[in-house]
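The values are calculated or read from the model by the stated rules, or taken from the named source; none is laboratory data. Keep in mind that this is a model prediction, so the values were computed, not measured. Using ideal geometry, Cβ is built from the backbone for each residue, glycine included, and neighbour counts are taken over all protein chains shown.
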There are 2 protein chains.
Amino acid sequence: MTDLRVLTFGEIETLAAKALTASDVSTENASSVARSIAAAERDGQAIVGLSYLPVYCDHAACGKVDGHARPRLEQLSPVALRVDAGTGFAHPAIALGLPALVEAARQNGIAALAVGNSYACGSLGYFVEELAEQGIIALMVANASPSIAPFGGKTPFFGTNPLAFGVPREGCEPLVIDQSSSVVARVAVIDAYNRGVPLPNGWAIDANGVPTNDAAAAMEGSLLPIGGYKGFGLALMVDILAAGLARSHWSFEASSFGDCEGGPPRTGQMIVALDPKLFGGGDFPARLEVMLGAALETPSVRLPGDRRLEARRKHRDGIAVSAAAVETVEQYAREGSPERRR
Amino acid sequence: MTDLRVLTFGEIETLAAKALTASDVSTENASSVARSIAAAERDGQAIVGLSYLPVYCDHAACGKVDGHARPRLEQLSPVALRVDAGTGFAHPAIALGLPALVEAARQNGIAALAVGNSYACGSLGYFVEELAEQGIIALMVANASPSIAPFGGKTPFFGTNPLAFGVPREGCEPLVIDQSSSVVARVAVIDAYNRGVPLPNGWAIDANGVPTNDAAAAMEGSLLPIGGYKGFGLALMVDILAAGLARSHWSFEASSFGDCEGGPPRTGQMIVALDPKLFGGGDFPARLEVMLGAALETPSVRLPGDRRLEARRKHRDGIAVSAAAVETVEQYAREGSPERRR
């Protein structure tokens, strides 16, 4: 059993921000990243929450991400936006572009934001949900350092290259789909490795291309894409949209998200925002509920994001987090990251 | 062995157009659909070529699709376009919107076209390739009559809901990704049924939700989505974009693409068009070749669409088509569809 401690959203946010600022991150950037860490814990996504935060701190301390970067927004056209993250965190770079993106989509029905020269953005669902809460349908993609082999190959070439989709709903939380192009996200393999448990079949291959249940061998090898060549197709599409259109490193060029080597990964994110009412008409929200209601007539069917919303409800009066993760982050908050700038 | 006949692209086009006009389709609409049939044969996609054409003819004759529909284009904003197909074929409706879509994307970097109240559009790759040939990156989705159960269910609810992605390349054919949200497209199951061969594992479940290798049982049951809940997520996203934003029937409301019952399916298509140079910069084409070249350094790796381009090259001096399919279509060209308007 993991020892748990119950914290509020604000307490997690404050603690995370302290650990980041102690590790050479500006107050503004730290606050943007810290909020996403608290949201991950609230939504039951602990593996990208406090226990992952030390990686962010180490990377700021060693210079893999520039904690003091000031992202710059450029309007390429009335509906085309670009943010250069300046090798800083993705969170403040995306946050800088979102208001203009929402405005452009409301005015014109569709708009896009490309965020380049940035770092891992954590959960994409976090951002598309924010857009959906403002009445906007959002399709978001991000590339990452290599962990998926191309179909027919055995060496990692694409990142897990996730795709997320958020849709506003009337009278309840937005619908949020958020999934990687691999069978599982890389953090799930790292988590299995840390816990010393074997991987299920079908998750990964080793460095020789042979299917493996060994997390360490999988980390040396490659994650498998969903549906074979179809997941490869998705990962390729995401790389072109997220890196190609954001003038960033392709996945295969990006330094690892997992260590301090190789300088900033310079990966990218891309968001396409759509106004559902302009395209779908005023009855779009009601029609969406008809469709989702019909899908849920079968009691065993669950919508994407259900578990996340369940965790959020469970955590309404306090968020149970790993006591060990809190202790580590408290140490970071006191002393900063042990990593030093290279 | 299938008996083959060698025809030119133009001969297939003319024959297909004759079969359509003899089955109550206007000359203009017939010519638009016929071109896509010839392209499918040229690209080695015979199962959506001449052998599939009789379904189009039957559906025009019985009124499932209005062969005389005149699609109407509406400009919702400088970058948002909508075509109402008027329960006619998707091909002429999409063709009507493409020039304005290309122009809007070139002017503004991004634009979208929603096509509603339409019918099956055949291969999505056909349309995104046309856009890519004009220098535009295109993401296209389409919904369809139900054949995939939601994750956790066993009754078809979503169509195979394909997604296609086309990217212009310098000095060679565009990169085209075109894949359904199911492990295989429904036409592949119909093809196995017609040829009397068993289905591979993992393609489908029967009406009780039990995995099956029997094509007939699969047609009564449900296709499986790629990667379990992830394919479900993709199919749901496609339904919202293609049907929700095009003011069309959700997959679960659509009449079958496979018979003459239930009136027009009124499904939808959606295309998002992006200008790669505005977002990605002038060196986007060169950088894309660097990435694709690096992927192809492993000789066993093949890019999506490779087999299609190989077939196209093989067919440069004549397209080998099934003699039986040609005979059937010739009969349709002489006598029209045996189906009668209901």
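Select, from B:Val102, B:Val65, B:Val79, B:Val48, the only residue that is in contact with a helix residue (DSSP H, G or I) (Cβ under 9 Å, 6 or more places away or on another chain), under 29 Å from B:Phe165 (Cβ atoms) and modelled with pLDDT under 95.
Of the residues listed, the single one that is in contact with a helix residue (DSSP H, G or I) (Cβ under 9 Å, 6 or more places away or on another chain), under 29 Å from B:Phe165 (Cβ atoms) and modelled with pLDDT under 95 is B:Val48.
Collect the residues in the range A:304-313 that are more than 8 Å from chain B (Cβ to nearest Cβ) and at negative phi, keeping them in residue-number order. Quick ask: steps written out before the conclusion?
Taking the range A:304-313 and keeping what is more than 8 Å from chain B (Cβ to nearest Cβ), we get A:305-313.
Answer for the range A:304-313, where residues must be more than 8 Å from chain B (Cβ to nearest Cβ) and at negative phi: A:Asp306, A:Arg307, A:Arg308, A:Leu309, A:Glu310, A:Ala311, A:Arg312, A:Arg313.
Taking into account only those residues within the range A:270-321 that are assigned to a loop (DSSP other than H, G, I, E, B) and aliphatic (A, V, I, L, M), which is farthest from the chain's Cα centre (by Cα)?
Restricting to residues being assigned to a loop (DSSP other than H, G, I, E, B) and aliphatic (A, V, I, L, M), the top hit is A:Leu296.
Can you tell me which of B:Gly109, B:Gly125 is touching a residue at least 12 places away in the same chain (Cβ under 8 Å), closer than 30 Å to A:Ala112 by Cβ, among the small types (Gly, Ala, Ser) and in contact with a Ser or Thr (Cβ under 7 Å, 6 or more places away or on another chain)?
On the way: B:Gly125 fails: in contact with a Ser or Thr (Cβ under 7 Å, 6 or more places away or on another chain).
After ruling out the rest, the residue left standing is B:Gly109.
Return the residues of the range A:1-12 that are at pLDDT 95 or above and either in contact with a Phe, Trp or Tyr (Cβ under 7 Å, 6 or more places away or on another chain) or over 17 Å from A:Thr328 (Cβ atoms) (or both); say none if nothing qualifies.
Answer for the range A:1-12, where residues must be at pLDDT 95 or above and either in contact with a Phe, Trp or Tyr (Cβ under 7 Å, 6 or more places away or on another chain) or over 17 Å from A:Thr328 (Cβ atoms) (or both): A:Val6, A:Thr8, A:Phe9, A:Gly10.
Go through the range A:94-119 and report how many residues are in contact with a strand residue (DSSP E or B) (Cβ under 9 Å, 6 or more places away or on another chain) and more than 14 Å from every other protein chain (Cβ to nearest Cβ).
Number satisfying all stated conditions: 6.
Would you check if there is a residue in the range A:72-86 being under 16 Å from the mean Cα position of the chain (by Cα) and not acidic (Asp, Glu)?
yes
Mind listing whichever residues of the range B:127-159 are crowded, with 24+ Cβ neighbours inside 10 Å and away from every other protein chain (no Cβ under 12 Å)?
B:Phe127, B:Glu129, B:Leu131, B:Ile136, B:Ala142, B:Ala144, B:Ser147, B:Gly159
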